[in-house]
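See structure below.
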Amino acid sequence: MQTYVALLYSILLSEGRRLVMSDLKAMAEGLGLKNVRTLVATGNLVFETRSTKISALEQQLERAFEETFGRHVDIIVRGAEDWLKLATGNPFPAESAATGDQVAVRVMREPVPTDALSALQARAAEDEKVLLVDGDIWLVFSRERPSSRLLAAANHKRFGIGTSRNWNTVRRLAEIVRN
């Protein structure tokens with residue numbers, strides 16, 4: 001058995017209706033996934049299954065989600081080893097220790113090309129940072145500005161399918177994977 005992390009792009013099912021994590025867990029268990037765990041109400045799953053292709057797991061989860069909840073949601077899957085590599089590859093350890101909710105990673109289905117990063121860096125405020133690590137986009141958001149242009153700029157149209165998680169969530173998922 002191999003451990004995987006799955007990240008849902010959105011947990012909104014319709015106007016005013018959010019996904020309940022116990023329902024998401026039940027959906028995953030219905031697929032035969034084992035030791036299914038969720039982390040807070042943000043669409044994070046950790047589970048075990050036979051080793052298989054990531055793309056096959058993503059398709060299986062997306063299909064089941066649409067059948068169960070009536071809406072398509074992109075789901076990004078990473079193997080445990082890759083998730084731990086992502087977490088230990090955090091390029092902003094000092095910022096993460098001080099303000100874990102202001103550091104985020106946009107976990108990508110396909111790696112972002114290095115040359116695409118300059119357009120995103122151009123939108124960063126003076127106290128914001130952007131780096132590309134192994135195809136994923138790491139961001140440090142401003143504490144001074146309540147809304148950053150970075151989040152809107154790091155979207156599906158510009159960079160492809162991905163979803164963002166703050167450092168606190170990345171770290172907690174890594175802890176679950178290790179245990």
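Suppose we filter 117, 131, 150, 139 for residues that are closer than 24 Å to residue 83 by Cα, open to solvent by 40 Å² or more (accessible area, probe 1.4 Å) and among the aliphatic types (A, V, I, L, M); which single one remains? It would help to see each step written out before you state the result.
Working: 117 fails: open to solvent by 40 Å² or more (accessible area, probe 1.4 Å); 150 fails: open to solvent by 40 Å² or more (accessible area, probe 1.4 Å); 139 fails: open to solvent by 40 Å² or more (accessible area, probe 1.4 Å).
Selected residue: 131, the only one of 117, 131, 150, 139 that is closer than 24 Å to residue 83 by Cα, open to solvent by 40 Å² or more (accessible area, probe 1.4 Å) and among the aliphatic types (A, V, I, L, M).
The number of residues in region 41-77 being open to solvent by 10 Å² or more (accessible area, probe 1.4 Å), under 17 Å from residue 3 (Cβ atoms), in contact with a Leu (Cβ under 9 Å, 6 or more places away or on another chain) and assigned to a helix (DSSP H, G or I) comes to 1.
Could you grab me the full set of residues in region 118-138 that are outside any strand (DSSP E or B) and either charged (D, E, K, R) or within 17 Å of the chain's Cα centre (by Cα) (or both)?
123, 126, 127, 128, 134, 135
Being touching a residue at least 40 places away in the same chain (Cβ under 8 Å) and assigned to a helix (DSSP H, G or I) is true of residue 86. Sub-8 Å Cβ pairs linking a first residue in region 55-78 that is without any contact (Cβ under 8 Å) to a residue 40 or more places away in the chain to a second residue that is in a loop (DSSP other than H, G, I, E, B) and open to solvent by less than 40 Å² (accessible area, probe 1.4 Å), at least 6 apart or interchain, are 62/73; 62/74; 66/73, ordered by first then second residue.
Could you check region 19-40 and list, in sequence order, the residues that are among the small types (Gly, Ala, Ser) and part of a helix (DSSP H, G or I)? Working first, answer last.
If we filter region 19-40 for residues that are among the small types (Gly, Ala, Ser), which is where we start, we get 22, 26, 28, 30, 32.
Those that are among the small types (Gly, Ala, Ser) and part of a helix (DSSP H, G or I): 22, 26, 28, 30.
Condition check for residue 38 on (1) in contact with a strand residue (DSSP E or B) (Cβ under 7 Å, 6 or more places away or on another chain); (2) open to solvent by 30 Å² or more (accessible area, probe 1.4 Å); (3) in contact (Cβ under 8 Å) with a residue 24 or more places away in the chain; (4) within 18 Å of residue 178 (Cβ to Cβ): one failure, at (3).
Yes/no per residue for (1) modelled with pLDDT under 95; (2) closer than 24 Å to residue 154 by Cβ; (3) of a type in the set (D, E, K, R):
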| residue | (1), (2), (3) |
| --- | --- |
| 14 | yes, no, no |
| 21 | yes, no, no |
| 27 | no, no, no |
| 37 | no, no, yes |
| 42 | yes, yes, no |
| 86 | no, yes, no |
| 89 | no, yes, no |
| 107 | no, yes, no |
| 114 | yes, yes, no |
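The values are calculated or read from the model by the stated rules, or taken from the named source; none is laboratory data. Remember, it's a predicted structure, so these values are computed and weren't measured experimentally. Reconstructed Cβ throughout: ideal geometry from the backbone, glycine too, with neighbour counts over all protein chains shown. Surface areas here come from the heavy atoms of the whole protein model, side chains and all, with no ligands, DNA or RNA. Shrake-Rupley method; radii C 1.70, N 1.55, O 1.52, S 1.80 Å.
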